[in-house]
Amino acid sequence: MNPNKALWEKGDFTRIAASMRESGEELVAKLGITRGLKVLDLGCGDGTTAIPAAKLGADVLGVDIASNLVAAGNKRASELGLTNVRFQEGDASNLLELADDSFDLVVSIFGAMFAPRPFEVAKEMVRVTRPGGRIVMGNWIPDDPTLIAQVLKTSAAYTAPPPEGFISPVTWGVEENVIERFEGAGVPKDKISFVRDTYFFNYPGSPSELLGVFRTYYGPTMNAFEAAEKNGRAADLQRELEALFNGQNQSSEPGATSIPATFLRVTVEV
Ligand SMILES: C[S@@+](CC[C@H](N)C(=O)[O-])C[C@H]1O[C@@H](n2cnc3c(N)ncnc32)[C@H](O)[C@@H]1O
């Protein structure tokens, strides 16, 4: 089994995505989407950004490596009566089913960053974008003090070391790496721009309850707890993550959670 696919089919990312809907819509609203724009959402999950793009009239294809999330995306689209978005399985490292120059906009929010072989991922994103089109990526930043960077860092610290040659997904959160990867795909540096942006994780329960959702449904955190349980360290991991989730909650409503997470938003003019 492909470990990249197995990680995301484990658990149920739709449970985490439910807390990201407002930020997904806000981000898409900033992308200048017009009716009929051809959009690829890569590593789309169940459509946190693909569905709002379709609601704005774009013609959207969501591609994701996880079959359960593709099914969840198609179910959401049909429940919403959206006929201009569909979801299919595919790997950001090798989009062999997609033709060259077929999209005006390729969006990948915390998606393609998780694929192996980042140079291939950059090449594939550039290949399927038409000349004059755009690529927008959202990437978590290594050592950033906010929620998801810290969840990934803490989870990795409790999980067995990855196989040799593994390139950490958060290397996509470093500007020099992003430039090197897109330059490798033929895009000059002056066509690549960066801004720091924020997603909010909003949950109608306490921060500890939101952590419970991550522990039960978010692949990287599930793996960390499985490894920690084997070493008798699960309570330490729980304590560290409890401090993180509770310490970063900004909601003033008792029993509600709103936690910001900073990311690097990358725009590439192809
Ligand atoms: C953190 S989730 C983000 C999902 C979605 N973009 C969102 O914002 O809700 C990461 C997504 O990337 C997908 N993914 C991971 N590796 C991938 C790959 N090689 N090709 C395509 N999708 C991939 C996962 O299955 C998962 O849906």
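Readers should treat all values here as calculations from the given coordinates under stated rules, not as data from a laboratory. Since this is a predicted model, take the numbers as computed values, not measurements. Using ideal geometry, Cβ is built from the backbone for each residue, glycine included, and neighbour counts are taken over all protein chains shown.
For the reader, a short list of remarks on this structure follows.
- Each label was represented as a point 7 Å from its Cα along the Cα-to-Cβ direction; for THR267 and ARG196 these points are 1.9 nm apart.
- Pair SER67, ASN2: separation of 7 Å Cα→Cβ label points (nm): 1.2
- Put a plus charge on the Cβ of each Lys and Arg, a minus charge on the Cβ of each Asp and Glu, and nothing anywhere else: the dipole of region 3-269 about its Cα centre is then about 280 debye.
- Compared with the dominant principal axis of the Cα atoms in the chain, helix 175-184 is inclined by about 40°.
- At most 16 other Cβ within 10 Å, DSSP loop - trypsin sites (Lys or Arg not before Pro), region 1-74: LYS30, ARG35
- Folded to 0 to 90 degrees: helix 219-230 orientation relative to the chain principal axis, Cα: 30
- Within region 3-269, percent of DSSP bridges classed antiparallel, to nearest 5: 50
- Largest mean-square fluctuation among THR49, THR171, THR221, in a Gaussian network model of the chain whose springs join Cα atoms under 10 Å apart, belongs to THR171.
- Choice from GLU25, GLU253, GLU164 with maximal GNM fluctuation in the chain (Cα, 10 Å cutoff): GLU164
- Going by neighbour counts of Cβ atoms within 10 Å, the residues VAL128, VAL136 line up, fewest first, as VAL136, VAL128.
- Region 81-231 - charge dipole about Cα centre, Lys and Arg +1 at Cβ, Asp and Glu -1, debye rounded to 20: 180
- Volume of the convex hull of region 3-269 (Cα atoms only), normalised per residue: 120 Å³.
- Partner lysines whose Cα lies under 17 Å from the Cα of LYS123, excluding those fewer than 8 positions away in the same chain, are identified as LYS189, LYS191.
- The DSSP beta bridges internal to region 61-141 are antiparallel in roughly 10% of cases.
- Added length on full extension, which subtracts the Cα-Cα distance from 0.36 nm per residue, LYS55 to GLU226: 57.7 nm
- Once C-alpha pairs closer than 8 Å and six or more residues apart are averaged by separation and normalised to the residue number of the chain, the relative contact order reads 21 percent.
- Among TRP8, TRP172, TRP140, the order by Cβ neighbours within 10 angstrom, fewest to most, reads TRP8, TRP140, TRP172.
- Straightening the chain between SER168 and ARG239 buys 23.1 nm, computed as 0.36 nm per residue apart minus the Cα-Cα spacing.
- 0 to 90° range, to nearest 10: angle between helix 147-158 axis and the chain longest Cα axis: 60
- Footprinting exposure proxy ranking of TYR217, TYR203, fewest other C-beta atoms within 10 angstrom first, gives TYR217, TYR203.
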